[in-house]
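Contents: one structure, followed by commentary.
The values are calculated or read from the model by the stated rules, or taken from the named source; none is laboratory data. Every value quoted in this text rests on a predicted model; they were computed, and no experiment measured them. Glycine also receives a Cβ, built like all others from the backbone with ideal geometry; neighbour counts cover every protein chain displayed. Surface areas here come from the heavy atoms of the whole protein model, side chains and all, with no ligands, DNA or RNA. Shrake-Rupley method; radii C 1.70, N 1.55, O 1.52, S 1.80 Å.
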Amino acid sequence: MRALVILTLLAALVIAATCYESHESMESHEHPNPFLNRRGANDFIQAHTRLRAITQERIRERSKALQEHQRELCEDFYPCEKYAFHHGYAAAYKHYFGRRKTK
């Protein structure tokens, strides 16, 4: 009789230990639908914040350094980019675009 009670208590402990649902297992039940609709997705960034970011990006594009403009121009022209790989962008720009005369 005593062995039966001990065995029953031991079985109850094993069941309690294996059937316990931790907080991590409940995280998937918190949100029944993990996807957002369009309105909810657009609420993360407000319109004025987006417009300000676009404006700042346009200002940064206009105020680039001369070397940055030269590098971008050289990157768009494959022979210049290939030359820059061996000699550097300053030398490549000078080699391909430095001889041009503006009127």
Could you tell me whether the range 38-60 includes any residue that is modelled with pLDDT under 80, part of a helix (DSSP H, G or I) and within 30 Å of TYR96 (Cα to Cα)?
-> yes
Residue selected from the range 61-103 under the condition hydroxyl-bearing (Ser, Thr, Tyr) and either modelled with pLDDT under 80 or within 25 Å of the chain's Cα centre (by Cα) (or both), by the criterion surrounded by the most Cβ atoms within 10 Å (Cβ to Cβ) = SER63
Unmet requirement for MET26, which otherwise passes all of (1) open to solvent by 100 Å² or more (accessible area, probe 1.4 Å); (2) at pLDDT below 70 = (1)
